[in-house]
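Trainee: Below is one structure. I have some questions about it.
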Amino acid sequence: MPARGVSATSGQVSPRLEQFQTKDVKPSMTSNATRPPRADGLPRPSDGLTGTPHDPTDGGYFGDFGGRWLPEALVGVVDEVAEAFAKARHDPEFLDELDRLAETYGGRPSPVTDAERLTALVGGARILLKREDLNHTGSHKINNVLGQALLTKRMGKTRVIAETGAGQHGVATATACALLGLECVIYMGRVDTERQALNVARMRLLGATVVAVDSGSATLKDAINEAFRDWVTNASTTYYLFGTAAGPHPFPMMVRDFQRIIGLEARQQVLDLTGRLPSAVVACVGGGSNAIGAFHAFLDDADVRLVGMEAGGDGIATGRHASTISAGSVGVLHGARSFMMQDEDGQVIESHSISAGLDYPGVGPEHSHLAAIGRAEFRSITDTEAMDALALLSRTEGIIPAIESAHAVAGAVVLAKEIGPEGIVLINVSGRGDKDMETAMEWFQLNGDGPGTVTTSTSATGNTTSKES
Amino acid sequence: MSGLSELFAATRAQNRAALIGYLPAGYPTLAGSADMFNALIDSGCDLVEVGVPYSDPVMDGPVIQAAAETARAGGFRLTDLFGIVEKISAKGGKAVLMSYYNPIMAYGADAFARDLAAAGGLGVITPDLIVDEAGDWLAATEAHGIDPIFLVAPSSPTERISRTVEHTRGFLYAASTMGVTGARDQVSSLAPDLVARCRELTDLPIGVGLGVRTGAQAAEIAAFADGVIVGSAFVSAVTEGEKQARALAEELAAGVRGTVPAIS
Ligand SMILES: Cc1ncc(COP(=O)(O)O)c(C=O)c1O
């Protein structure tokens with residue numbers, strides 16, 4: 001993508017930004033949305049749907065990764081989704097409605113916060129926070145959900161199913177279904193319903209049916225299996241609103257495109273704030289939707305490092321983790337060829353993470369591709385490192401992040417030290433931590449009489465965090 | 001002529017359908033698995049499908065999921081497959097495998113086809129592999145003389161059925177309903193139509209599966225298909241015991257010969 005200083009209508013580049021134009025900039029692929037540009041010059045979600053030089057092949061491949069590894073019975077519905085999305089992404093009516101809902105309902109744009117106290121404490125690169133935690137329903141998930149729920153309506157489907165791990169995607173889906181009058185069934189692993197009880201209650205309040213899944217490891221991967229079983233049975237009436245940038249083509253591309261707004265906005269916000277691009281963009285990686293959304297606008301900015309933080313659980317060496325790219329191998333899972341956690345026999349290994357949203361043994365194919373070609377780096381963050389970072393961000397900036405996002409914070413703090421004070425590190429804070437308070441209360445023993453045992457842990461800013469990276 | 005072509009030529013000559021029985025490998029126990037397949041063949045199955053117990057079986061309902069989990073908990077490993085198939089073919093029985101694709105990929109497509117051929121296996125049904133992605137697998141099966149068996153579904157348009165039958169050998173697997181495995185009370189009305197659409201495009205034998213549990217249902221399907229595939233009902237019967245499994249095989253074997261009263 002060209003620098004966002006290019007205004008869609010005039011093609012003028014603001015002089016301040018000229019230096020950031022890459023040499024081979026192609027003409028801006030402008031969206032067909034009809035609304036005039038925003039006064040602040042920030043892009044809109046529709047600008048994420050224009051197509052990019054990094055789109056997959058017709059068969060859904062990003063390099064060697066992706067494709068459609070699914071039962072024949074699902075090819076028909078998946079084709080239907082692909083066709084509907086191909087039309088919708090150029091339809092002004094769809095794009096305008098997406099932009100309108102994103103602004104007036106979802107709360108876009110989300111701000112970039114200058115994390116001055118955290119920066120000072122860490123003593124490395126300047127740390128900036130992209131605040132997806134401020135979106136309606138509390139995470140980046142709503143960006144994707146509004147897009148796909150509008151698509152569901154266009155396709156004339158009346159019933160929506162979705163999987164959820166942390167419950168954030170489930171809550172966002174239940175929310176959009178309430179807004180648009182769609183029936184909603186959410187599949188969630190039994191283990192996750194227990195550790196994210198608050199989100200189960202939210203979904204039910206919003207009118208969704210929550211089905212607890214007991215099969216397999218009773219976590220996110222099993223919820224996805226169950227959703228696929230439902231879809232193959234109810235294909236004609238039902239839309240499977242997939243929550244991350246994984247699954248069979250076109251989901252990895254479509255979900256990415258609905259999330260691209262994160263990076264498109266952030267790129268310009270960082271330029272506006274600092275006059276330059278960040279040295280690194282950091283995001284947590286579960287299936288990979290917030291990370292690919294944050295990374296994508298920077299793919300052609302060769303000097304911007306893209307760093308994904310995977311869940312390290314008890315540490316990769318213990319085998320109890322969810323670091324799919326860092327410690328997995330290539331296989332096919334949930335519709336795509338990608339990195340995954342599997343044993344010698346190709347049986348999927350159960351992942352482990354304190355964070356339900358990252359507790360997944362697969363990853364989206366575009367991340368596997370970016371890792372394979374060396375454009376993105378992936379590191380592993382343990383439960384302890386993430387929880388330290390959760391406390392750290394809470395106490396330095398007054399922001400309680402989701403445990404998922406705390407993995408990004410933990411990794412970014414180390415990276416900021418590595419990069420040093422000349423640099424800028426942009427962290428995508430994918431969600432807020434309200435849903436995780438029970439886990440935090442237990443972890444930090446916050447329910448006693450005392451003030452809790454949280455210390456403003458310097459360990460999260462010190463050397464201990466690098467033990468897994 | 002492959003072993004499967006011979007089998008269907010024979011059943012067609014007898015003017016009946018073949019009975020195809022499925023169980024997960026290693027069920028009910030690893031040690032007793034081959035004997036159970038042989039019991040099914042003894043009691044009337046023309047062909048057995050040896051299922052690969054998999055951690056993430058998206059096309060299976062609760063009965064087969066649970067049996068696969070039992071088999072895995074009982075210590076099933078991928079290499080056990082070939083021993084089981086060998087014990088079936090040693091007694092003159094015919095076996096194909098049914099496997100999700102990731103275990104095949106992990107083992108290596110070529111090595112998998114090679115080892116299955118050496119054990120006397122005839123083909124592999126791959127429920128989550130579409131021909132569009134099957135390049136490596138087709139090369140491997142071709143090299144080792146194994147029949148690749150693909151599925152078609154009621155939702156498959158003509159164009160996809162043509163593409164699928166072009167690469168299918170042995171027999172074509174027609175999923176009778178939109179849905180996962182599991183015994184059902186009624187034969188889906190979608191099955192006859194799907195089989196008729198396939199017949200216009202191929203001379204391959206066509207096996208119909210998903211949901212069959214009684215002799216009467218088997219007879220109904222045998223009227224328009226070349227093979228009747230029974231999975232969950234056999235798993236449930238085996239859970240009760242070998243006697244029940246044998247009795248079911250006998251009932252179904254009568255069904256595929258059209259000799260069962262239309263009520264059960
Ligand atoms: C706040 C938050 N961040 C991140 C994730 C991980 O998903 P993804 O990798 O698709 O962004 C989740 C998933 O539930 C989440 O709730």
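The values are calculated or read from the model by the stated rules, or taken from the named source; none is laboratory data. Since the model is a prediction, treat every value here as computed from it, not as a measurement. Please note: Cβ atoms are built from the backbone with ideal geometry, for glycine as well, and neighbour counts cover all protein chains shown. These accessible areas exclude ligands, DNA and RNA; they are computed on the full protein's heavy atoms, side chains included. Shrake-Rupley method; radii C 1.70, N 1.55, O 1.52, S 1.80 Å.
Trainee: Go through the residues of region A:101-120 one by one and say whether even a single one is among the hydrophobic types (A, V, I, L, M, F, W, C), within 16 Å of the ligand (Cβ to nearest atom) and assigned by TED's automatic domain parsing to the domain that holds A:N428.
Mentor: No, region A:101-120 contains no residue that is among the hydrophobic types (A, V, I, L, M, F, W, C), within 16 Å of the ligand (Cβ to nearest atom) and assigned by TED's automatic domain parsing to the domain that holds A:N428.
Trainee: Across region A:125-181, what is the number of residues that are within 12 Å of the ligand (Cβ to nearest atom), part of a loop (DSSP other than H, G, I, E, B) and modelled with pLDDT of 95 or more?
Mentor: Residues meeting the conditions: 2.
Condition check ((1) over 25 Å from B:T214 (Cα atoms); (2) assigned to a helix (DSSP H, G or I); (3) open to solvent by less than 10 Å² (accessible area, probe 1.4 Å)) across all residues:
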| site | (1), (2), (3) |
| --- | --- |
| B:L19 | no, no, yes |
| B:L23 | no, no, yes |
| B:C45 | no, no, yes |
| B:D56 | yes, no, yes |
| B:V63 | no, yes, no |
| B:R72 | yes, yes, no |
| B:L78 | yes, no, yes |
| B:V85 | yes, yes, yes |
| B:L97 | no, no, yes |
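Trainee: Please tell me if A:G313 is within 16 Å of the ligand (Cβ to nearest atom) and under 26 Å from A:Y187 (Cβ atoms).
Mentor: yes
Trainee: Yes or no: B:T181 part of a helix (DSSP H, G or I) and under 18 Å from the mean Cα position of the chain (by Cα)?
Mentor: Criteria not met by B:T181.
Trainee: For region A:383-440, how many residues meet the condition of being buried (at least 24 other Cβ atoms within 10 Å of the Cβ), away from the ligand (no atom under 14 Å from the Cβ) and outside any helix (DSSP H, G or I)?
Mentor: Final tally of qualifying residues: 2.
Trainee: Could you tell me which numbered condition A:V185 fails, if it satisfies all but one of (1) within 14 Å of chain B (Cβ to nearest Cβ); (2) of a type in the set (A, V, I, L, M); (3) open to solvent by 10 Å² or more (accessible area, probe 1.4 Å); (4) free of Cβ contacts under 8 Å to residues at least 60 places away in the same chain?
Mentor: (1)
Trainee: Let me ask something else. Here is a list: A:G374, A:G357, A:G346, A:G398. Which entry is modelled with pLDDT under 95 and out of contact with any Ser or Thr (no Cβ under 7 Å at 6 or more places or on another chain)? Give the steps one after another, and end with the answer.
Mentor: Numbers: A:G374 fails: modelled with pLDDT under 95; A:G346 fails: modelled with pLDDT under 95; A:G398 fails: modelled with pLDDT under 95.
Among A:G374, A:G357, A:G346, A:G398, only A:G357 is modelled with pLDDT under 95 and out of contact with any Ser or Thr (no Cβ under 7 Å at 6 or more places or on another chain).
Trainee: Pairs, please: C-beta under 6 Å, at least 6 apart or cross-chain, first residue within 17 Å of A:A172 (Cα to Cα) and in region A:112-140, second open to solvent by 10 Å² or more (accessible area, probe 1.4 Å) and assigned to a strand (DSSP E or B)?
Mentor: A:R131/A:T113; A:D133/A:R432; A:G138/A:R432
Trainee: So which residues in region B:163-197 are of a type in the set (G, A, S) and in contact with a Ser or Thr (Cβ under 8 Å, 6 or more places away or on another chain)?
Mentor: Hits for region B:163-197 are B:G170, B:S176, B:G179, B:G182, B:A183, B:S188, B:A191.
Trainee: Could you go through region B:105-119 and let me know if any residue there is within 12 Å of chain A (Cβ to nearest Cβ), over 29 Å from B:V195 (Cα atoms) and not hydrophobic (A, V, I, L, M, F, W, C).
Mentor: yes
One line per residue, one yes/no per condition, for (1) among the β-branched types (V, I, T); (2) touching a helix residue (DSSP H, G or I) at 6+ places or on another chain (Cβ under 7 Å); (3) under 20 Å from B:I64 (Cα atoms):
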{"site": "B:G93", "(1), (2), (3)": "no, yes, no"}
{"site": "B:N102", "(1), (2), (3)": "no, no, yes"}
{"site": "B:A113", "(1), (2), (3)": "no, yes, no"}
{"site": "B:A117", "(1), (2), (3)": "no, yes, no"}
{"site": "B:I125", "(1), (2), (3)": "yes, no, yes"}
{"site": "B:E133", "(1), (2), (3)": "no, no, no"}
{"site": "B:P148", "(1), (2), (3)": "no, yes, no"}
{"site": "B:S156", "(1), (2), (3)": "no, yes, no"}
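Trainee: I've got another one for you. Please verify whether B:P57 is within 14 Å of another protein chain (Cβ to nearest Cβ), within 20 Å of A:K221 (Cβ to Cβ) and within 16 Å of the chain's Cα centre (by Cα), treating the condition exactly as stated.
Mentor: Numbers: within 14 Å of another protein chain (Cβ to nearest Cβ): yes; within 20 Å of A:K221 (Cβ to Cβ): yes; within 16 Å of the chain's Cα centre (by Cα): yes.
Yes.
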